[in-house]
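The values are calculated or read from the model by the stated rules, or taken from the named source; none is laboratory data. Everything quoted here is computed from the prediction, not taken from an experiment. No Cβ is skipped: glycine too gets one built from the backbone with ideal geometry, and neighbour counts run over all protein chains shown.
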Amino acid sequence: MVMTDIETGLRREGFVIKTPICRLLIYLFLIAGALTMALPYLWMFVTSIKPLSEIQSYPPSFVVKNPTLKPYRDLFRMIPMVRYLLNSLFVAGSITLFNVFATSLAGFAFAKHKFWGRDQLFFIFLGSLMIPWQVNIIPGFIIVKNLGWLNTYRGLIIPSMAWCAFGIFLSRQYIYSIPDDLIDAAKIDGCSEFTIYRKVILPLIKPVLATLAIFTFLQQWNNFVWPLVIIHTSSMRTVPLALSVLAGQFGSNFAMVMAGAVIATLPMLVVYLLFQKYVIQGIAMTGLEG
Amino acid sequence: MGNTILYVVGCVPIGICISLLLAVAINQKIKFKNFFKSIFFLPTVTAIVAVSVIWKWLYAGEKYGLLNFLLIKFGGQPIDWMASPTWTLPSIIIMSVWAGVGYNMILFLAGLQTIPQAMYEASEIDGAGFWKRFFNITLPLLKPTIVFVAMMSFIFSFQVFEQVYIMTGGQSGIGGVLNSALTIVAYLYDMGFQKFQMGYASALAYIIFLLIFMMTMLNKRLMKTNVEY
């Protein structure tokens, strides 16, 4: 039994460590690592359901004697948390929808159409990936300010829609690998360009688009700096911004701050656990890019 | 600026070593592989703001902070994590390493998958032990991935901002006690959006851009000197 295990293992995994002690060490190492990873999350959750008296008791304990939902009630009563969640959802959602649509269209054009200056244009898009956000943030802020878009959804959403170079790159690479014959066949059948895009290209690049969508959504939901710069009124805050303000204002009410952290973290954890495959694929793809 | 370099120098090597070890360990034939993968990856999908808030609480002062409690329990001295100039930057480094390990690990795993199996089988026949295989096969063949990950973490950690903003922001402005953790991007934000010296901040932005650009070019050089199979 052990032998076959090792043999199949040899074929699939890099190299196999056979001695039981070493294997035990590996497990210990991984378990220790996993604990280190999980501990802060656990602590966050435990703190968020602790009554004040238990937070201040020494020694700190992972066992909650009188679990309470009061921090959560406080959270939703004192700040418009629902509004913040909806803000985040709306902003991240619309950017994601637009980006996926626009980048797949652009990727289609870059991959399958010949037009003047195509490769140069694509190169410029790729080059824009290299520019760090710090360079854009000040001119971006000034433009948005002069447009009168400070504190608006427009100001939050529209500039972020421009961050699509990576998506264009990704979808171009995938569409490039679709055989031309398929497109020609559709053309002979009398499909318009847009029908080709909708009926031929889209179904074939669905997995990439799913990855891209989840990625963009995660990124936008967690985006902090842009909202921080653009938004000054309370009602327009997104969740990360609200959390940072919360930590500043109610810094000593740890239970409430942790409740806020739970609320901010939970939606993304759910998204991640549901679409794990796509997320990890996406990371590996960014790795291939280099 | 000095702080930023210290931060990068602290963050990148430690992060790479840990995540490489994790990737090699996870690449073994082990049970609960996906479970481990998911756990290590969690911080990557968590907003860095949330991570910072959680860690601020972990680092909390003498009595209530979980980390200090653990330190005392294992016979150490409590540390004034965020309140002393010497510990502010290390605290942020530890947190960032924690948050970045999973991401790098996935990149390393992808790299490990590309190493041809035959190599290991051959070395096995030649009687190479674990360490020999690790240093003579895994590391050299993984070199492109390592260079790439090093670059990415360099660029990311060079641009560190949210952690500093959340962890040290507050009464005394960004940067912590005596500006002991004021990194270049935090400085840019402070200049541009607190003191409203947009020109100064723009100049800073271009310095950042140039530095990152130079590192990217260096990266290209390094990538070209690839190992031959």
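Taken as a whole, the structure places A:PHE224 among residues that are within 9 Å of another protein chain (Cβ to nearest Cβ), modelled with pLDDT of 85 or more and out of contact with any strand residue (DSSP E or B) (no Cβ under 9 Å at 6 or more places or on another chain).
For B:PHE161, are the conditions met, namely being touching a residue at least 60 places away in the same chain (Cβ under 8 Å), surrounded by 19 or more Cβ atoms within 10 Å (Cβ to Cβ) and not β-branched (Val, Ile, Thr)? So that I can check it myself, show each step before the final result.
Numbers: touching a residue at least 60 places away in the same chain (Cβ under 8 Å): no; surrounded by 19 or more Cβ atoms within 10 Å (Cβ to Cβ): yes; not β-branched (Val, Ile, Thr): yes.
Considered against the rule, which asks whether it is touching a residue at least 60 places away in the same chain (Cβ under 8 Å), surrounded by 19 or more Cβ atoms within 10 Å (Cβ to Cβ) and not β-branched (Val, Ile, Thr), B:PHE161 comes out as no.
Of A:VAL262, A:VAL279, A:VAL270, all but one fail to be at negative phi and at pLDDT below 85; the exception is A:VAL279. Number of residues in region B:13-64 that are outside any helix (DSSP H, G or I) and more than 8 Å from chain A (Cβ to nearest Cβ) equals 5.
The set of residues in region A:211-267 being charged (D, E, K, R) and out of contact with any Phe, Trp or Tyr (no Cβ under 8 Å at 6 or more places or on another chain) is empty.
Is there a residue in region B:70-81 that is within 19 Å of the chain's Cα centre (by Cα) and either more than 7 Å from every other protein chain (Cβ to nearest Cβ) or buried (at least 22 other Cβ atoms within 10 Å of the Cβ) (or both)? Checked region B:70-81: at least one residue is within 19 Å of the chain's Cα centre (by Cα) and either more than 7 Å from every other protein chain (Cβ to nearest Cβ) or buried (at least 22 other Cβ atoms within 10 Å of the Cβ) (or both).
The helices (runs of 4 or more DSSP H) falling completely within region A:109-172 that include 2 or more residues that are more than 14 Å from chain B (Cβ to nearest Cβ) map to A:118-128, A:153-161.
Can we say A:LEU182 is closer than 30 Å to A:VAL262 by Cβ, assigned by TED's automatic domain parsing to the domain that holds A:ALA264 and either aliphatic (A, V, I, L, M) or assigned to a helix (DSSP H, G or I) (or both)? Considered against the rule, which asks whether it is closer than 30 Å to A:VAL262 by Cβ, assigned by TED's automatic domain parsing to the domain that holds A:ALA264 and either aliphatic (A, V, I, L, M) or assigned to a helix (DSSP H, G or I) (or both), A:LEU182 comes out as no. Exactly one residue among A:SER177, A:SER192, A:SER235, A:SER252 is among the polar types (S, T, N, Q), surrounded by fewer than 15 Cβ atoms within 10 Å (Cβ to Cβ) and within 14 Å of chain B (Cβ to nearest Cβ), and that residue is A:SER252.
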